[in-house]
Amino acid sequence: MKIYLPFLLFAMLACKNNQPSGNNQLTDDLAKDISVLASDSLQGRAPCTPGENRTISYLEKRMKDIGLDPAFNGSFFQEVPLVKITTKVPDVISFKTPNSTLHMNGGSDISVWSPVPQNEVSLKNVEMIFAGFGINAPEQQWNDFSGIDVAGKIIVVVVNDPGFYTGDSTLFKGKTMTYYGRWHYKFEEAERLGAAGCLIIHQEKAAGYPWAIVNRHHNNTEYYLSDEKLTTAKCKLQGWITTDAARKLFKENGFELDEMIKEAATRGFRAKPLNTTLSLDVKNYFERCTSHNVAGILRGSSEKDEAIVYTAHWDHLGIGAVVDGDSIYNGASDNASAMAWMLAIAKEFKNQKEPCKRSVIFLFPTAEESGLLGSDWYVQHPAIPIKNTVACFNSDVYLFLGHFNDVTVTGLGQSELDEILSAEAKTQSRYIASDPNPENGMLFRSDQLSFMKAGVPALFAKGYTDQKELGKEKTAEKIKSYWQNIYHKPCDEFDSKKDNLDGLADDVHLFYKVGLHVANSNLFPEWKTGSEFFVDRK
């Protein structure tokens, strides 16, 4: 792998010259790494681009400097086979309803794509079915597909879980989204049942993001793992439909959308055929490429075949639509901040006098922004067997606000790792807080999910809701502003003269201590009953 030394030397010198005076060594190191990893020179860190080459070369150099060993048979790099698919969709998509033809505008009313490496995908008079929330959860005594065959049909489903719409805390997890509520699950279930397509009804509060986020899929390039499952996929159309467009579609079929959602959120709901068909021809332009996970390892002393894993994805959105004259999506908070966090933790582990009993892996997955593809590939091809992977500590999206009183855990109550974190947080005079917006499903939107689905308990936590000087109310305003104005936009940049990294430094120390505790013990943290990922690890 080519190392871009001239670029690296220039970037690191430039970072040094821009550092504010008075920072301690840790915050200096964090600032240098973030400045490089969020620089324009990395072109937004999209997979399979020159930006990838520069990013992973920098990460390799930093891990060598720290003194980590390569994690993958003598290499810091693990090849991840991807396919890039761009679906070209007609400007107008038409549905044949009982009384007329309903036209929807691609992009503004409906956003669809085809996740198969075929040049042309043709759907002819495909029947549509309203399948409630698209959930089959035996442990919840819930099956939206009971008594109906959706093979070869297009299912229309509601985003999130039934409990979100009823407010019933005993229904799934109430307002807290479970994995069943995520769009990933609904597409996966459609594929398992052989559906020809799946359309999710978008609602901003239930989804956790506005229509503009899902609309980016329209006529855009998507990444997928290039494997046999993709080439044999039956569900050849995926997408979202706005609430207003869905309301018109349901009205054409004699239904009121709100009443249908209310009915779908009751136990015993049965899917309802819509007397509507869809005919659609799309063109796919695709190419295969190889991206890379990056990882270093510190081998354990006595239990080197067991490991804890730290993760922080390296990719972002690359070069995209121009916003206020800028087209480079730098991704400083998302996720240069967490990469710097992890490199700093690696340095603390390396500086110990004695190695830990267990091995410690520092993994930078690719293609997180495309659906956790890199971490998914890693758990299928791990450096140390997944059954011997004791715990995962993931980080994603830090806000540069300074010290926090809290440690907010996204997915609090999943495993015994909560108690270990709480004990260490108290040594920093910090308290454990739960995600203030559990309905957004953030637990399922970063790389810890790949490990949890594979049976590995994970922590996704950080200082977030209670900045020391601001207090909770003003911190909440900062959080809201980030998600509305900065997240996944070119303005997610780092300003070394303004941004405060003290809180990030606190979390470096905190998660080093948490990992140290697990890496030097014989503990295999247990899942808590009630977790949808529960596996008996005894």
| query | By how many nm would the segment from His184 to Cys491 lengthen if fully extended, with 0.36 nm per residue of separation less the alpha-carbon distance? | reply | 107.8 nm
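Which FRET efficiency, nearest 0.05, do Ile386 and Thr266 yield, Cβ-Cβ r, R0 51 Å?
0.85
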| request: Before rounding to the nearest 500, sum -39500 (n - 2.57) across all DSSP H runs of length at least 4 in the chain and divide by the residue total; then give [θ] at 222 nm in deg cm²/dmol. | output: -8500 deg cm²/dmol
| task | May I ask for the distance between the Cα centers of segment 169-206 and segment 289-359, given as a whole number of Å? | result | 30
| field | Cα-projected label distance for His509 with Glu473, points at 7 Å along beta-carbon direction, nm | value | 3.0
| Out of the DSSP beta bridges found with both residues in the chain, what percent are antiparallel (nearest 5)? | 60
| What FRET efficiency, computed as 1/(1 + (r/R0)^6) with R0 = 45 Å and r the Cβ-Cβ distance, is obtained for His103 and Ser327, rounded to the nearest 0.05? | 0.90
| note | Straight-line reach check, Lys96, cutoff 28 Å on alpha carbons, 8 or more apart in-chain or any other chain, hits among lysines -> Lys88, Lys124, Lys153, Lys186, Lys234, Lys236, Lys248, Lys251, Lys262, Lys272, Lys283
| query | For the residue pair Lys498 and Ala151, what label-to-label distance in nm results when each label sits 7 Å from Cα along the Cα-to-beta-carbon direction? | reply | 5.8
| In terms of Cα to Cα distance under 17 Å, which aspartates and glutamates are near enough to Lys489, apart from those fewer than 8 places away along the same chain? | Asp40, Asp315, Asp324, Asp326, Asp334, Glu368, Glu369, Asp396
| message | Of all beta bridges DSSP finds with both residues in segment 84-286, what is the antiparallel percent, to the nearest 5? | response | 65
| said: Please arrange Ser114, Ser375, Ser226 by how many other C-beta atoms lie within 10 Å of their C-beta, fewest to most. | reply: Ser226, Ser114, Ser375
| Those residues of segment 248-271 whose amide nitrogen sits under 20 Å from the label point placed on Asp168, 7 Å along Cα→Cβ | 257-271
| query | For the pair Asp40 and Ser429, what calculated FRET efficiency results from E = 1/(1 + (r/R0)^6), where r is the Cβ-Cβ distance and R0 = 51 Å, to the nearest 0.05? | reply | 0.85
| message | How many angstrom lie between the Cα centre of segment 467-507 and the Cα centre of segment 110-146? | response | 38
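Write down the percent of antiparallel bridges among all DSSP beta bridges whose residues are both part of segment 333-480, to the nearest 5.
Beta bridges within segment 333-480, antiparallel portion: roughly 30 percent.
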| remark: Contour minus Cα-Cα span, Arg192 to Gln484, at 0.36 nm per residue, comes to 101.6 nm
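All of the numbers you see were taken from the coordinates with simple rules; none came from a lab. Not measured: the values here are computed from a predicted model. Every residue, glycine as well, gets a Cβ built from its backbone with ideal geometry; the counts of neighbours run over all protein chains shown.
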